[in-house]
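Read the figures in this text as sums done on the coordinates, not as results from a lab. What you see is a predicted model; the values in this text were computed from it and never measured. Using ideal geometry, Cβ is built from the backbone for each residue, glycine included, and neighbour counts are taken over all protein chains shown.
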Amino acid sequence: MNRLIYIMGVSGCGKTTIGKLLAQELNIPFFDGDDFHPESNIAKMSSGQPLNDDDRQGWLDTLNNLAKKQIQETSCVIVCSALKQKYRDHLSRDIESKTKWVYLSGSFQQILERIYSRANHFMPSELLKSQFDILEEPKDALQVDISLTPEDIIKIIKSELMETSEFGLFGLGVMGKSLSRNLARNGFKISIFNRHVDGVEVNIAKNFKAQFPELSNASAFDDISAFVNSLQQPRKIMLMVNAGKTIDFVIDDLLPHLSENDILVDGGNSNYKKTKERIAYLKAKNIHFIGTGISGGEEGALKGPSIMPGGDKAAYKLVQAYLETISAKDRNGLPCCTYVGPEGSGHFIKMVHNGIEYVEMQLLAEISTIMEASGKNPDEIAAILDSWKENANSYLLDITASIFRKKEGEDWLVKKVLDKAGNKGTGNWTTIASAELGVPGTLIASALFSRYISFYKEERLLLNKTFKGVKSSKLNISTNEILEAYQFARIINHYQGFKIIAEASRSYSWNLNLSEISRIWTSGCIIKSTLMRDLVEIFMETSNLLTHPRLIKKIKKYRPSAKKVVSQCLLNDITTPALSESTQFFNGITTAYSSANIIQAQRDYFGAHTYKRLDDDSGKNHHTIWD
């Protein structure tokens, strides 16, 4: 990866000498920032007047543009004073994660004596003092004492910035291994870590490194201190360990070895509330924490996942290049990675992503069950699913077709899979979050509870004997009607999922961009689909899917089939909880006058909770003695 090295400090600290030597040592271009000052600035400085911020603005723009252009081709060294943090922010704008700062530090007297000792180099002490007065020492730079020899300074810079790793990966489970290889294949020098447990986990990182040629330049560790010390500061460490208490244990293990402004990136499926707590906890210790959702599974992590970072935006900019480079790319070539928002918003939308995923999986299971009840064998079901790709393509549709084709011997493997569906908690969290936010995420709850029901295998077998349903007769529904019912339910699923996100954005003041979220879900992630691609444009026009003309037209087209399929399944004792709930929810959300009037009257009867009247526009609360 190309990088930009800025050498900074007050006049007389030796920036130009060190910059030229470093560029020569690394065989990369060198630029002196002073050469890019406009004539007006040069004249002002020559007369002994210090530059003000207005004087510097155009100069900073010029250097920033130079840096961005240069870094497209190769690494380079630029020297300039950059005495204030806002100057450095300006100079590294849009290339923060590719920028390295070296601060040459010395005392006022030390530098003044150095200036006076140089031939043809004179600066009034007042002008030098003005530089020290405005100097804001950088917190995220490599600080080097100018009393060292130039040769020693170059050795330190090379050792700290060029020989150390730029990114660390902590935890080599399935996802951690794939992300490590992804980072290395994209040219990043990384350090990888996995714990050492005698007799259980021994030399995991070293053995993993030896397996893959792309990891030849990676550094492998099972000692935390050595791992952390192998990284450039501010350190950037992605945690790929199990969500929950394990994250807290890892943070506690890392903290004694970290320095101010280091960045931890939690790439697991953590609860967004815990992420918010961890951000606050680490902020008090001057450590940045970025909660990052990652979707795509093992293959996605290796080839390019969808990445959803949330937390401190300034800290994100320092890891932006790494995450965007390894992410999937959308159809326009843009990274499927974006800064989502503050606090735990990154993990929140990953949680909702998984909730939507639960429903998409459940719907495919249900329509497959319907086709099986109609007499189709797995090969025929796979062929039907393939035929739907023109109108309803998605990653999950594609893998489901592959699942139905897979044989073991003469029989289909899917028939041998135990019908107990597991879960890791995100569907549960999404259901809880929707209830807390007051959003009817009914399909996600339905898909979640369907998994819970599946786990009662023994009880289901017992009750099946007692309450054996009617044997399915020939279902009076066509394959196209099943497709349209499936499409109808998918629209409702996405409506509910994004409604949860929209309400969280409003409630927590996150200012989430629904169009951008749907865009990063168009590639690399489990719920990527042609429908998701449509949503990118739709969310540019509305935040409510059911009000958009394109989806209104589809809903009206698909609804009759959804009603027919659900009713036929009910009559034939075929379980379709998600399909059924999509029609029930739609009936509810489109009912002008609901049965809630009765609920509210009941509440007032037994609890004096009061009610409002349709014939009273004042908003006054009413109470009645009902008996």
Hull volume per residue for segment 351-589, using the convex hull of the C-alpha atoms, in Å³ is 135 Å³
Can you tally the net charge around ALA383? Count Lys and Arg as +1, Asp and Glu as -1, for every other residue whose Cβ sits under 15 Å from the Cβ of ALA383. -1
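Averaging over every viewing direction, what projected area does the convex hull of the Cα atoms of the chain cover, in nm²? Present the calculation step by step, with values, prior to reporting the outcome.
Values: hull surface 156.8 nm².
About 39.2 nm², averaged over all directions.
If we count other beta carbons within 10 Å of each Cβ, what is the order of TRP626, TRP521, fewest first? Can you show the working numbers first?
Details: TRP626 9, TRP521 26.
With the fewest neighbours first, TRP626, TRP521 line up as TRP626, TRP521.
Among residues other than LEU437 whose Cβ falls under 13 Å from its Cβ, what is the net charge (Lys/Arg +1, Asp/Glu -1)?
Details: positive: LYS273, LYS499, ARG506; negative: GLU436, GLU503.
Once positives and negatives cancel, what remains is +1.
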Please provide three numbers in whole Å: the alpha-carbon extents of segment 78-211 along the principal axes, with the largest listed first. 66, 32, 23
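When each pair of different Cα atoms in segment 137-268 is counted once in the 1/r mean, what is the Kirkwood radius in angstroms, to one decimal?
Details: mean 1/r = 0.0640 Å⁻¹.
Mean inverse Cα-Cα distance, inverted, gives 15.6 Å.
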Helix-only mean residue ellipticity at 222 nm for the chain, each DSSP H run of n ≥ 4 adding -39500 (n - 2.57), per residue, nearest 500: -16000 deg cm²/dmol
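Report the Rg/Rh value for segment 322-386, based on alpha-carbon coordinates and the Kirkwood definition of Rh. Could you put the intermediate results ahead of the total?
On the way: Rg = 18.0 Å, Rh = 15.0 Å.
We get a ratio of 1.20 for segment 322-386.
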Determine the distance separating the Cα centre of segment 138-185 from the Cα centre of segment 383-402; give it in Å without decimals. 45 Å
Excluding residues on the same chain fewer than 8 positions from LYS499, give the lysines whose Cα lies under 16 Å from its Cα. LYS350
Taking every C-alpha to C-alpha distance in segment 167-343 and binning by 10 Å from 0, the per-bin percentages run 10, 41, 38, 10, 0
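Restricting attention to segment 508-575, which GluC sites (Glu not before Pro) occupy a DSSP loop and are surrounded by at most 16 other Cβ atoms within 10 Å? Could the numbers behind the result be given before it?
Numbers: sites: GLU516, GLU537, GLU541; in loops: GLU541.
For GluC sites (Glu not before Pro) across segment 508-575 that sit outside H, G, I, E and B with at most 16 neighbouring Cβ atoms in 10 Å, the list reads GLU541.
If we count every other residue with Cβ under 13 angstrom of GLU277's Cβ, Lys/Arg +1 and Asp/Glu -1, where does the sum land? Numbers along the way, then the final one.
Details: positive: LYS245, LYS273, LYS274, LYS276, ARG278, LYS283; negative: ASP248, ASP266, GLU343.
That sum, taken over residues with Cβ under 13 Å, equals +3.
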Descending packing, highest mean Cβ count within 10 Å first, for 232-245, 391-404, 211-224 is 232-245, 391-404, 211-224
Burial ranking of peptide ranges 270-282, 145-157 (average Cβ count within 10 Å, highest at the top): 270-282, 145-157
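Output the antiparallel fraction of DSSP beta bridges having both residues in the chain, as a percent to the nearest 5. The partial results should precede the final answer.
Details: 12 of 49 bridges.
If we restrict to bridges inside the chain, about 25 percent are antiparallel.
In what sequence do ARG490, ARG3 fall when counting other Cβ within 10 Å, fewest first? Write out the running numbers ahead of the final one.
Values: ARG490 25, ARG3 20.
Ordered by Cβ neighbours within 10 Å, fewest first: ARG3, ARG490.
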One finds the C-alpha centres of segment 27-62 and segment 285-354 to be spaced, in Å, by 37 Å
Whichever aspartates and glutamates have a C-alpha closer than 18 Å to that of LYS407, once near sequence neighbours (fewer than 8 apart) are set aside: GLU372, ASP379, GLU380, ASP386, ASP398, ASP419
Least to most buried among SER594, SER454, SER561, by other C-beta atoms within 10 Å and fewest first, runs SER594, SER454, SER561
Mind checking which of ILE7, LEU63, GLY297 is farthest towards the positive end of the chain's charge dipole, using Cβ charges of +1 (Lys, Arg) and -1 (Asp, Glu) about the Cα centre? GLY297
Range of Cα positions in segment 494-627 per principal axis (Å), largest first: 60, 47, 25
So if I take the centroid of the Cα atoms in segment 426-492 and the same for segment 195-230, what is the distance between those two points in Å? 44 Å
